[in-house]
Amino acid sequence: MRAVKCTFAISLLIIFIFTNSLFAADVAKIGVIDLQKILETSTAGKSIQAQLKKQKEQMESDLKQKGSEIEKISKRLEREAMVMSKEMREEKEREQRIKINDFKSLQKKYRSDLQKLEVGLMNQLQKDIKEIVDVIGKKAGYLLIINKYSVLYSPGSIDITGDLIKKLNAKTAKRK
């Protein structure tokens, strides 16, 4: 009987020690940010979108012009093919193939240039966001700040996107 009482007392002591240490632990402060909202609503995000849109429109306009030139050459070749000499027709067909290849190369180059521009602008934005998140995290005592889309559920009370957007807009305004 004495062994049972001793075992029971030791068990209670262990349970008491572990539960006290659990309640004594600091509450982890966690923040969530919405990167998509930052991109859509911040000054820097809107600026990036405007730059990309402007560049894309210029490239599309240039490609459209080159495409219409190729179309004109094709139509003229179709109309005049019967009255042209064989050498002249072959020369025009070669010219058409060269224009088509140039068009495809230019299209590929523009796509690559646009992607490089987007990556460069987004990397700068991410760098700025990271710096601001570090400041907010240290200042407010956050243990963890994560992207909203990496989490299945989070209450709105831990969303710090608005604060981050304000600081990002201020940083962007200073840069200009």
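Miscellaneous remarks
- Leu77 touching a helix residue (DSSP H, G or I) at 6+ places or on another chain (Cβ under 7 Å), surrounded by 14 or more Cβ atoms within 10 Å (Cβ to Cβ), at pLDDT 90 or above and in a helix (DSSP H, G or I): no
- Hits in region 42-88 - residues which are under 24 Å from Leu164 (Cβ atoms) and either of a type outside the set (D, E, K, R) or touching a residue at least 24 places away in the same chain (Cβ under 8 Å) (or both): Ser42, Thr43, Ala44, Gly45, Ser47, Ile48, Gln49, Ala50, Gln51, Leu52
- Scanning region 22-41 for residues that are closer than 22 Å to Lys139 by Cβ, acidic (Asp, Glu) and either at pLDDT 70 or above or in a strand (DSSP E or B) (or both) yields one hit, Asp34.
- Among (1) surrounded by fewer than 11 Cβ atoms within 10 Å (Cβ to Cβ); (2) more than 16 Å from Ser42 (Cβ to Cβ); (3) of a type outside the set (Asp, Glu), the one test that Tyr142 misses: (1)
- Residue within region 112-123 that is in contact with a helix residue (DSSP H, G or I) (Cβ under 9 Å, 6 or more places away or on another chain), surrounded by 12 or more Cβ atoms within 10 Å (Cβ to Cβ), of a type in the set (A, V, I, L, M, F, W, C) and over 28 Å from Gln58 (Cα atoms) present: no
- Test: Ile98 is of a type in the set (A, V, I, L, M, F, W, C) and surrounded by 16 or more Cβ atoms within 10 Å (Cβ to Cβ): no
- Pair list, Cβ under 7 Å, 6 or more apart: region 122-151 residue within 18 Å of Gln36 (Cβ to Cβ) and in a helix (DSSP H, G or I), other residue polar (S, T, N, Q) and at pLDDT below 95: Lys148/Ser154
- Within region 152-176, considering residues that are without any contact (Cβ under 8 Å) to a residue 24 or more places away in the chain and assigned to a helix (DSSP H, G or I), the one nearest to Met122 (Cα to Cα): Arg175
- Unmet requirement for Asn169, which otherwise passes all of (1) within 19 Å of the chain's Cα centre (by Cα); (2) of a type in the set (S, T, N, Q); (3) exposed (fewer than 14 other Cβ atoms within 10 Å of the Cβ): (3)
The rows are residues; the columns are (1) at pLDDT 95 or above; (2) touching a strand residue (DSSP E or B) at 6+ places or on another chain (Cβ under 7 Å); (3) of a type in the set (Gly, Ala, Ser).
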{"residue": "Lys108", "(1), (2), (3)": "yes, no, no"}
{"residue": "Val119", "(1), (2), (3)": "yes, no, no"}
{"residue": "Tyr153", "(1), (2), (3)": "no, no, no"}
{"residue": "Ala170", "(1), (2), (3)": "no, no, yes"}
{"residue": "Ala173", "(1), (2), (3)": "no, no, yes"}
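The values are calculated or read from the model by the stated rules, or taken from the named source; none is laboratory data. Since the model is a prediction, treat every value here as computed from it, not as a measurement. We place every Cβ from the backbone using ideal geometry, glycine too, and count neighbours over all the protein chains shown.
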